[in-house]
């Protein structure tokens, strides 16, 4: 009687590559020594990458572990929730909310410009007092287990968009911290505050940073941004922010 174990290896690779990664690693790999060997094959994970659009031929030499590459590709998404104000202030902690407080406006807004991305329709805007908001990302909850973060140290890419009103000066600040289990800062990105003068071009600008080769032990990512206007006008004349993102490798994919 012929069983699935009697199938040629290439056929078994093709069949098993149809299964979700979780099933392969948690169930199929434990069936027998033969299945474990097949699940560990580079060809199986490369086949999964091909099937799901993660494979690019020019990556062949640069990828040392196709299994990890596939897992990182399948997990990759924006870890910032409600980045474009579509859910009011949900998921954001308002750390400072002074002046006339944070507000949400529709693009392009008074004396403003449209975003380069047509998918973004709203932004958060600050007032004449300090306005800062933050999110704390728990990596394990997002599918990034401790061993993966400690051994592979995948790239962590941070992006944010900010703009000023044409008719008022303002200040923009960003801080991103990689934190340990005990909330100790292991690495930080905190550029100099951006001060925009009155009568500016009101253009949206992107700020970006990639964390690489950071220390082991990263369990959380803390993201905070905000600012205020520099002329202390009542209302919402301060910095505008939207379309924030944090993604975890590989850099080869959008």
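The values are calculated or read from the model by the stated rules, or taken from the named source; none is laboratory data. Computed from a prediction, not measured in an experiment: that's the story for all the values here. Every residue, glycine among them, receives a Cβ derived from its backbone with ideal geometry; neighbour counts consider all protein chains shown.
What's the total number of residues in segment 188-213 that are more than 16 Å from the chain's Cα centre (by Cα) and more than 17 Å from residue 134 (Cβ to Cβ)? Lay out the reasoning, then the answer.
As a first pass, look at segment 188-213 and keep what is more than 16 Å from the chain's Cα centre (by Cα): 190-205, 213.
When the remaining residues are screened for being more than 17 Å from residue 134 (Cβ to Cβ), the result is 192, 194-205, 213.
So the answer is 14.
Of the strands (runs of 3 or more DSSP E) lying entirely inside segment 72-157, those containing at least 2 residues that are within 18 Å of residue 205 (Cβ to Cβ) span 122-125.
Within segment 127-145, is there a residue that is within 20 Å of residue 233 (Cα to Cα), more than 19 Å from the chain's Cα centre (by Cα) and surrounded by fewer than 17 Cβ atoms within 10 Å (Cβ to Cβ)? Scanning segment 127-145, I find at least one residue that is within 20 Å of residue 233 (Cα to Cα), more than 19 Å from the chain's Cα centre (by Cα) and surrounded by fewer than 17 Cβ atoms within 10 Å (Cβ to Cβ), so the answer is yes.
Taking segment 74-102 as the range and being over 15 Å from residue 244 (Cα atoms) and surrounded by fewer than 17 Cβ atoms within 10 Å (Cβ to Cβ) as the test, the residues that pass are 74, 94, 95, 98, 101. Is it the case, given these coordinates, that residue 178 is under 30 Å from residue 22 (Cβ atoms), assigned by TED's automatic domain parsing to the domain that holds residue 224 and without any contact (Cβ under 8 Å) to a residue 60 or more places away in the chain? Considered against the rule, which asks whether it is under 30 Å from residue 22 (Cβ atoms), assigned by TED's automatic domain parsing to the domain that holds residue 224 and without any contact (Cβ under 8 Å) to a residue 60 or more places away in the chain, residue 178 comes out as yes. In segment 228-242 there is no residue matching the filter, namely being modelled with pLDDT of 95 or more, under 18 Å from the mean Cα position of the chain (by Cα), within 25 Å of residue 122 (Cβ to Cβ) and surrounded by fewer than 21 Cβ atoms within 10 Å (Cβ to Cβ).
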